[in-house]
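The values are calculated or read from the model by the stated rules, or taken from the named source; none is laboratory data. Just so it is clear, the structure is predicted and the values come from calculations on it, not from any experiment. Backbone-built Cβ (ideal geometry, glycine too); neighbour counts: all protein chains shown.
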């Protein structure tokens, strides 16, 4: 009998605990939904001191700006196709006085161009991100002279 009392007492306690979570209609209350709107990203712009003699496609959107140990990397997106943007970037850099040192095209995943102008070097990576959108990463090293540390 002692065992049955313990079981009965446990059931009563469990039932009374469960009733506390029910409202007067006998249904569990609905959880309160908390929604937070995602913050709207602020548009990026090129740094004020960004060189004017680097090719950027028309209508580009700046997606990232980074500087690491004397190297600046800027990521932009532009509408268009890979072949056209590759040709435009090549012609644009030549027109701005840069000397091409490398050109690489890999269908369908991207292309790369490398240029030098005085002590500076620039590398442009292009890759499609959608049928009509291309991502361009431009890496600029201001001074390619070897410095002894």
Checklist outcome for this item: Sole miss for residue 108 among (1) within 14 Å of residue 54 (Cα to Cα); (2) surrounded by fewer than 13 Cβ atoms within 10 Å (Cβ to Cβ); (3) touching a residue at least 12 places away in the same chain (Cβ under 8 Å) is condition (1)
Next on the checklist: residue 91 - would you say it is free of Cβ contacts under 8 Å to residues at least 40 places away in the same chain and under 16 Å from residue 125 (Cβ atoms)?
Outcome noted: no
Next on the checklist: Restricting to segment 45-72, and then to whatever is assigned to a strand (DSSP E or B) and buried (at least 16 other Cβ atoms within 10 Å of the Cβ), can you tell me which residue is farthest from the chain's Cα centre (by Cα)?
Outcome noted: 72
Next on the checklist: Being surrounded by fewer than 13 Cβ atoms within 10 Å (Cβ to Cβ) and part of a loop (DSSP other than H, G, I, E, B) is the filter here; which residues of segment 82-105 pass it?
Outcome noted: 97
Checklist entry - Does residue 116 qualify as being modelled with pLDDT of 95 or more and in a strand (DSSP E or B)? => result yes
Item to check | Matching entry among 103, 91, 87 (being touching a strand residue (DSSP E or B) at 6+ places or on another chain (Cβ under 8 Å) and modelled with pLDDT of 95 or more) | outcome: 103
